[in-house]
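The values are calculated or read from the model by the stated rules, or taken from the named source; none is laboratory data. A quick note: this is a predicted structure, and the numbers were derived from the prediction, not measured. So basically every Cβ, Gly included, is an ideal-geometry build from the backbone, and we count neighbours across all protein chains shown. Side chains are part of the model used for accessible areas, which takes the heavy atoms of the whole protein and leaves out ligands, DNA and RNA. Shrake-Rupley method; radii C 1.70, N 1.55, O 1.52, S 1.80 Å.
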Amino acid sequence: QVQLEESGGGLVQPGGSLRLSCATSGSTASINAMGWYRQAPGKSRELVARITLGGSTDYAASVKGRFTISRDYTWNTVHLQMNSLKAEDTAVYSCNAETSSQDYWGQGTQVTVSS
């Protein structure tokens, strides 16, 4: 079992920055990759960024160059640095952990970009 807890969401003006964190606990040694997903009202959940055990990263085209995913070596914490935020980045952001047996999800944190 892996437990995930997100933090760092909130209200920010367009052009601003936020840093999301996902704290892990439990069987973290079983994690192969972690990612951040988001879901805006009326829309499907989408992958925002993902990082593998080897450190490879993938980003949604809409956030490439603005967002950066990072992790510590032991998967204790995964961060999502979000810069140059836009109104369309408004969503609930959820942390995901992939293991060989199943995926785990956090409860999510709201990010609202508005003036």
- Taking only pairs six or more apart or across chains, which ones have beta-carbon atoms under 6 Å, a first residue in the range 63-81 that is closer than 15 Å to GLU6 by Cβ and open to solvent by less than 70 Å² (accessible area, probe 1.4 Å), and a second residue that is assigned to a loop (DSSP other than H, G, I, E, B) and modelled with pLDDT under 95? TRP75/ILE31
- Query: Can you pull out the residues in the range 1-20 that are surrounded by 16 or more Cβ atoms within 10 Å (Cβ to Cβ), under 15 Å from the mean Cα position of the chain (by Cα) and either free of Cβ contacts under 8 Å to residues at least 60 places away in the same chain or in a strand (DSSP E or B) (or both)?
  - Reply: LEU4, GLU6, LEU18, LEU20
- Do we find that VAL48 is closer than 18 Å to TYR93 by Cα and under 11 Å from the mean Cα position of the chain (by Cα) in this structure? yes
- Message: One residue is enough: does the range 87-108 have a residue meeting the conditions in contact with a Gly (Cβ under 6 Å, 6 or more places away or on another chain), surrounded by 14 or more Cβ atoms within 10 Å (Cβ to Cβ) and of a type in the set (Ser, Thr, Tyr)?
- Response: yes
- Note on the structure: With criteria (1) closer than 13 Å to TYR73 by Cα; (2) in a strand (DSSP E or B); (3) open to solvent by 80 Å² or more (accessible area, probe 1.4 Å), ILE51 comes up short on (3)
- Note on the structure: Note on the range 35-47: residues more than 15 Å from PHE67 (Cα to Cα) and assigned to a strand (DSSP E or B) are GLN39
- May I ask you to verify whether ALA29 is part of a helix (DSSP H, G or I) and of a type in the set (A, V, I, L, M)? yes
- Task: Tally the residues that are under 16 Å from LEU4 (Cα atoms) and open to solvent by less than 30 Å² (accessible area, probe 1.4 Å), restricting the search to the range 21-48.
- Result: 10
